[in-house]
Amino acid sequence: MNSTGSVLKYQLKSFENLPIKIWDDPKQASKHIADSISLAIRQKQQEGEKIVLGLATGSSPIQVYSELVRMHKEEGLSFKNVITFNLDEYYPMHPDAQQSYVRFMNEYLFDHIDIPKENINIPDGTIEMDKISEYCEAYDKKIERLGGIDIQLLGIGRTGHIGFNEPGSWETSPTRLVRLDAITRRDAIKDFQFEEKVPYRAITMGIKTILNAKSIFMMVWGSHKAEILKNAVEGSVSADVPATFLQKHPNTKVYVDQSAVSALTRFSTPWLVGMCNWDEDLVCKAVVWLSLKIGKPILKLTDEDYT
Ligand code: GLP
């Protein structure tokens, strides 16, 4: 209590500009996302309407897809009223190729559910170069005609890309052909074996296309994503980290697991947020941090520095 009798409250400072939901593990989180999707599908079914889903590839959404498949097989969840648009595809890329996103989507989702084939849209990696801009425009128009994407799933690349919108992508960008960042190409070696085999380009939904979705779930799993998660969530909005544009979206939720959160200010330097449970380890960590931050040896730190 202070002198006026009111209870003093700690003022917690938030550094985060996007709502984050932390889960013990990706499986639990993925189940929750799949539950939200199935609820939305069923609601639309009751209203006799279609639902438009924006889908992602990469390792992040795999467990969401396997949960949706389970719900289809064990709980009778039907996908007959579902229309899907995938975020991206390498260019050039044949749909039958081992690394194509068509193959990925069939393997993890489409081959196991009752979605009508004509409801599936994935950017075509075989389109002729001179037809690409027309093709991309038509992709966006089709989404618009259907009333927009209801739920968009996203992963995040280590460059901060969403879809294949690499650093430098502008906020109003539509679906288009892009050049892949060197880091993204290096990360793709695991799928292509040799760097020379990784395509230099891709077709991706634009930032604008993504931001037009009514609701967005971004999934971030693993310690290797900790730094980029911090930049995406705490950094100022900038084309340097395209995922920061999500901060402008009114209904984005970021689902993360315990290992992805380590770089967030509230975990890495909780004393900056305003309240923490001091123990010996945390005191040591804070002192080392302060010494590095202001460039003074620990033994020379003064009361003023600590304050
Ligand atoms: C690829 C995809 C992105 C995805 C990213 C992250 O670049 N085009 O849409 O978000 O990989 O992949 P992962 O989920 O495997 O970390």
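Suppose we flag chymotrypsin sites (Phe, Trp or Tyr not before Pro) only when DSSP calls them loop and at most 14 other Cβ atoms lie within 10 Å. Which is the longest uninterrupted stretch of the chain? With a cap of 14 other Cβ atoms within 10 Å, the longest stretch comes to 16-169. Near Phe164, the amide H atoms lying under 5 Å from its own belong to Met205; only residues 5 or more places off or on other chains count, and H is placed 1.01 Å from N.
Under the rule a/c < 1.5 gives rounded, and otherwise a/b versus b/c splits prolate from oblate, where does the chain land using the Cα gyration tensor? Prolate, because a/c is 1.5 or more and a/b exceeds b/c.
When both segment 38-77 and segment 222-269 are represented by their alpha-carbon centers, they are found 25 Å apart.
Counting only residues at least eight positions apart within a chain, or on another chain, the lysines with an alpha carbon under 16 Å from that of Lys293 are Lys285.
Here the spin labels are modelled as points 7 Å beyond Cα on the Cα-Cβ line, and at Asp305 and Ser78 they lie 7.0 nm apart.
Non-local lysine pairs in segment 4-104, meaning eight or more places apart or on different chains, with alpha-carbon distances under 26 Å, amount to 15.
Each Lys and Arg contributes +1 and each Asp and Glu -1, all at the Cβ; summed about the Cα centre of the chain, the dipole is approximately 440 debye.
How many Å² of accessible area per residue for segment 59-116, probe 1.4 Å? All intermediate terms of the calculation are to be shown ahead of the outcome.
Working: 2370 Å² over 58 residues.
Per residue, segment 59-116 has an accessible area of 41 Å².
Suppose only helical runs count, i.e. DSSP H with n ≥ 4. What mean residue ellipticity at 222 nm does that imply for the chain under -39500 (n - 2.57) per run, divided by all residues and rounded to the nearest 500 deg cm²/dmol? Computed mean residue ellipticity for the chain: -9500 deg cm²/dmol.
Evaluate the distance, in nm, between pseudo-label points positioned 7 Å from the Cα of Arg158 and of Glu49 along their respective Cα→Cβ axes. My value for the distance between the label points is 4.2 nm.
Counting trypsin sites (Lys or Arg not before Pro) as exposed when in a DSSP loop with at most 16 other beta carbons within 10 Å, what is the longest stretch of the chain free of them? Before the final figure, lay out the partial values.
Values: sites that count: Lys9, Lys13, Lys50, Lys80, Arg158, Lys214.
Answer from the scan: 215-307.
The gain in end-to-end length when the Met129 to Lys296 segment is fully stretched comes to 54.4 nm, 0.36 nm per residue minus the alpha carbon separation.
Full extension of the chain segment joining Phe15 with Lys197 gains 61.5 nm, where the gain is 0.36 nm per residue of separation less the Cα-Cα distance.
Which percent of the accessible area of segment 240-307 is formed by carbon and sulfur heavy atoms (probe 1.4 angstrom)? Could you put the intermediate results ahead of the total?
Numbers: 2310 of 4120 Å².
Carbon and sulfur: 56 percent of the exposed surface of segment 240-307.
The values are calculated or read from the model by the stated rules, or taken from the named source; none is laboratory data. None of the values given here were measured: they were computed from a predicted structure. Quick reminder, even Gly has a Cβ in these numbers, built from the backbone with ideal geometry, and neighbours come from all protein chains shown. In case anyone asks, the SASA skips ligands and DNA or RNA and just uses the protein heavy atoms, side chains included. Shrake-Rupley method; radii C 1.70, N 1.55, O 1.52, S 1.80 Å.
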